[in-house]
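The structure appears below as structure tokens.
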């Protein structure tokens, strides 16, 4: 078989001959050699194939082919290059052609560098043709150049992107765009230029998206060169998609303008049918019948334009625009470029709006509007709201229409300029953002729902043919964009109020609407519906409108006029009388405007009020919601209604300290002084004053009774017997520090008492809280409990402090230092002499403020030699009460001080032994009463005695 | 030619925006200024990625939008200045000096004891001085 590599056959490119292995069996090798020489064939171009091993042989054929092909391409390229270098042709179009050819051959050879170089050469040469070429009629000439430029640009971009040269590709696109940006051609048919521009951006966006190079972060690249700085967006396909859509929009509007202005719109369609793209890139020709033969003819520019317009009209540009913008929107959303995404959404929505697709338009406008609301871009917000308003009008959504209109009207648009000379198309359907436009929308909306019933039939011009006589209710909460329409600030004058007594409340309303609004009546709603009240405008006729929030017969106020002046607080102060105790909070303020329109605005505390995002940054004079500046800063919309004054007395009968170990009895008396007591409950709580709980953490076992230092042992009811307890369930619950007792029903004037037993295990001050909750009026469903709280601090004290010490015997041994000094660690063990009697002094001191009766004291020895215990009785006591001793406060048992209780007597006796004779002084005795700070001092005579020398006798006197 | 300048607050809210074109493209310029805030966010949040130094107030070219170029500047108090120009070949030094003068005018305006920080700038003097600065710059 003989494969001629290229036709026509030439010896310059030798044929490739493959011979079957079988040939060798027929022809001898010598003969084959002779044949080959005769044909002047190189041996490498003669291949022998074994048909049984064809798969193995194929690669050999392939490599032979590619080698030949490469040689051919190289040779061809060299040949054409020499033509370029020789400048044999001065014609630029030929040079473009040659460069293109060389580049294509280089691409075939995978020589990317050379391909790029020659494509660029072709591109630059082509650009030079713009002003010089005269080959075709003007319009078609430019079309051809631009089409070829597009092709070359595509080639160059692809090569750059495939080579991973992202930055270079972007810079190249920049240059491409800027070189052809101004090459508009005929301004009359500018749509051709826009279409071409749009295609450039689209193609580059698609290339960028498809290129794996985009995966690498643009940040790692050096951002352009010093001459052409590049920015983040220029590496995103989304940026190019968006601009492609933008240019296509330009093309669309230019085309629409052209078609609308074209007088002979019909004739365009007729004669353009036979025009087709020519075999040459960027050229068009007409197919004409000449007899039976079809011939191609060049066409005039006029014919071309007719053809181009009819072609352009066939395409639905809007769908393309929406599709590209959606791509861009999604991409920007993923990149977290919210504002770019919002702008794309806006453009999409505008396109849908142009296509009369209000529901899709509304969807995308809503995306945009939220961002502009948040960031307070009023001019942009105004425009979007204008579109949205028209969408809702087209959709027949009356409520949306009113809401959007009110939102627009309440925007801080303060521009007074009326750009009347500008064409309408520069604004959206909302019109220019001016005060006068705000006012006109305001009037439009308010006439729509405030007009009288007989005029309803003529509302068709507004676009709403139905449902206009049904009531319209708008809810405004704290995050609603309608907040500037009606801002309700409510402040109670008092933080705590008494039930059934009047309290003042200031209601302040603010509206940012441009014109004054007259309110028919206001309804103020509270969480206690009995407090709800109505404020009526005296100038408006009283309409008995059924209200769901305000009951008939509730409070009504009348105001001479209720007019909301723009940006001024309407301050109203009223007195209300709350019935129930607890929290009283104003929930909302409902304004009725006209017969069918109501706005309910959530009440806000002046203290927590913030401006809405669009008004927050406005530089306007702000007044306070209330006249009282303190109320304006700290005022609250809620207040606390106190409970009715309790007319029952709870008294805690005992006071004074309790002693550790004692069963301390605390009588609690509940006395009715005007209120009957129904379903009364007494709650008792013991709380550690010092904090830290009533049990020490060391012993913190939850179920151990002993862990509590102070505990409630029991509560005895007034009846005190077990029977009544079990019948009425008197003691409901007793824990160590908590008790709950039910109080029987008491009529007026009656009283009930119980006794509380508390036991202290440790000396500790404790707070006793007793609270009584009761119903004053029987068991009504809506009755509220009245509470009385009493508290008492009780000190728990150790009654006695016991001390003991041994009377050490007189020192008899030598003063040996080492024996005198006791070792530091042995101080608590005092050494006692063996086999001698030692005196142990035990003292018990009363540290309380009341007298104690000491019954007995016992000493227990913890000894190895068996337990010896002894009972001690007061030694020098009066002896009236045997075995017991009274201990006054602060008194110490077996001490030098003696206390005498009232109505008792104490005899102090002592013996004296005179040693010399003569006038002698008796021991001086002074009596001091601590309590009454009285002192008794006996006279000198009474305290001296004469001792006779002879008779050794003495008398003792004492008082 | 500078076609638009804007001062944008902390919450990306416009504090001052003024366009200097006879044509009716004020809204388009507002859109461009608003979109450029995305680039500023990106540059401020990833200063190392975008290669801007921390202490540099001038943010450079934010992005080319259609026939405009958008430049940004961020003050120490995180107030953003944005400038939109139709000039295509602009030297950074010129833009820097423009922003420096603009910043000085802004400082003068907010130093007014009657100006409430964070509110829109409505001072007529500021508007005049900005107009004068803009007029004095033609980058080409």
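The values are calculated or read from the model by the stated rules, or taken from the named source; none is laboratory data. As the structure is a computational prediction, the values presented were derived from the model and not from experiment. Positions of Cβ are generated from backbone atoms using ideal geometry, with glycine treated the same way; all protein chains shown enter the neighbour counts.
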Scan A:389, A:393 and give me the residue that is modelled with pLDDT under 90 and away from chain B (no Cβ under 11 Å). A:393
Going through segment A:470-486 in order, the residues found to be closer than 13 Å to residue A:406 by Cβ and in a loop (DSSP other than H, G, I, E, B) are A:480, A:481, A:482, A:483, A:484, A:485, A:486
Of all residues in segment A:396-430 being under 18 Å from residue A:360 (Cβ atoms) and within 14 Å of another protein chain (Cβ to nearest Cβ), the one that is modelled with the lowest pLDDT: A:428
Which condition from (1) free of Cβ contacts under 8 Å to residues at least 40 places away in the same chain; (2) farther than 30 Å from residue A:28 by Cβ is the one that residue A:69 breaks? (1)
Any hit, segment A:663-674, residues being at pLDDT 80 or above, within 53 Å of the chain's Cα centre (by Cα) and surrounded by fewer than 18 Cβ atoms within 10 Å (Cβ to Cβ): no
Matching residues, segment B:14-23, being surrounded by fewer than 19 Cβ atoms within 10 Å (Cβ to Cβ) and at the interface with another protein chain (Cβ under 10 Å from one of its Cβ atoms): B:23
Members of segment A:346-366 found to be within 12 Å of another protein chain (Cβ to nearest Cβ) and free of Cβ contacts under 8 Å to residues at least 24 places away in the same chain, listed by number: none
Evaluate segment B:48-58: report whether one residue or more is buried (at least 22 other Cβ atoms within 10 Å of the Cβ) and either within 14 Å of the chain's Cα centre (by Cα) or modelled with pLDDT of 90 or more (or both). no
Across segment A:576-607, what is the total count of residues that are in a helix (DSSP H, G or I) and either free of Cβ contacts under 8 Å to residues at least 12 places away in the same chain or surrounded by 18 or more Cβ atoms within 10 Å (Cβ to Cβ) (or both)? 1
Is it the case that segment A:641-648 has a residue that's in a strand (DSSP E or B) and either within 30 Å of residue A:470 (Cβ to Cβ) or within 14 Å of another protein chain (Cβ to nearest Cβ) (or both)? no
Within segment A:21-31, the count of residues that are out of contact with any strand residue (DSSP E or B) (no Cβ under 6 Å at 6 or more places or on another chain), surrounded by 10 or more Cβ atoms within 10 Å (Cβ to Cβ) and modelled with pLDDT under 80 comes to 5
Does residue A:632 count as crowded, with 20+ Cβ neighbours inside 10 Å and in a strand (DSSP E or B)? no
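To keep it simple, each residue is scored yes or no on (1) assigned to a strand (DSSP E or B); (2) within 14 Å of chain B (Cβ to nearest Cβ); (3) in contact with a strand residue (DSSP E or B) (Cβ under 7 Å, 6 or more places away or on another chain); (4) under 30 Å from residue A:505 (Cα atoms).
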| residue | (1), (2), (3), (4) |
| --- | --- |
| A:615 | no, yes, no, yes |
| A:639 | yes, no, yes, yes |
| A:666 | yes, no, yes, no |
| A:670 | yes, no, yes, no |
| A:685 | yes, no, yes, no |
Conditions (1) part of a loop (DSSP other than H, G, I, E, B); (2) closer than 23 Å to residue A:147 by Cα -> residue A:110 fails only (2)
Based on what the data block shows, is residue A:319 surrounded by 22 or more Cβ atoms within 10 Å (Cβ to Cβ) and either within 12 Å of chain B (Cβ to nearest Cβ) or under 30 Å from residue A:258 (Cα atoms) (or both)? no
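Looking for whichever is under 38 Å from the mean Cα position of the chain (by Cα), modelled with pLDDT of 75 or more and within 14 Å of chain B (Cβ to nearest Cβ) here; the options are A:242, A:223. Which one fits?
Numbers: A:223 fails: modelled with pLDDT of 75 or more.
Exactly one residue qualifies, and that residue is A:242.
Here is a yes/no grid of residues against (1) over 18 Å from residue A:202 (Cβ atoms); (2) in a helix (DSSP H, G or I); (3) within 14 Å of chain B (Cβ to nearest Cβ):
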| site | (1), (2), (3) |
| --- | --- |
| A:139 | yes, yes, no |
| A:145 | yes, yes, no |
| A:156 | no, yes, no |
| A:161 | no, yes, no |
| A:167 | yes, yes, yes |
| A:171 | yes, yes, yes |
| A:177 | no, yes, yes |
| A:183 | yes, no, no |
Quick check on this structure: which one of A:598, A:626 is in contact with a helix residue (DSSP H, G or I) (Cβ under 7 Å, 6 or more places away or on another chain), more than 14 Å from every other protein chain (Cβ to nearest Cβ) and closer than 25 Å to residue A:521 by Cα? A:626
Which numbered condition residue A:332 fails, given (1) surrounded by fewer than 24 Cβ atoms within 10 Å (Cβ to Cβ); (2) at the interface with chain B (Cβ under 9 Å from one of its Cβ atoms); (3) assigned to a helix (DSSP H, G or I): (1)
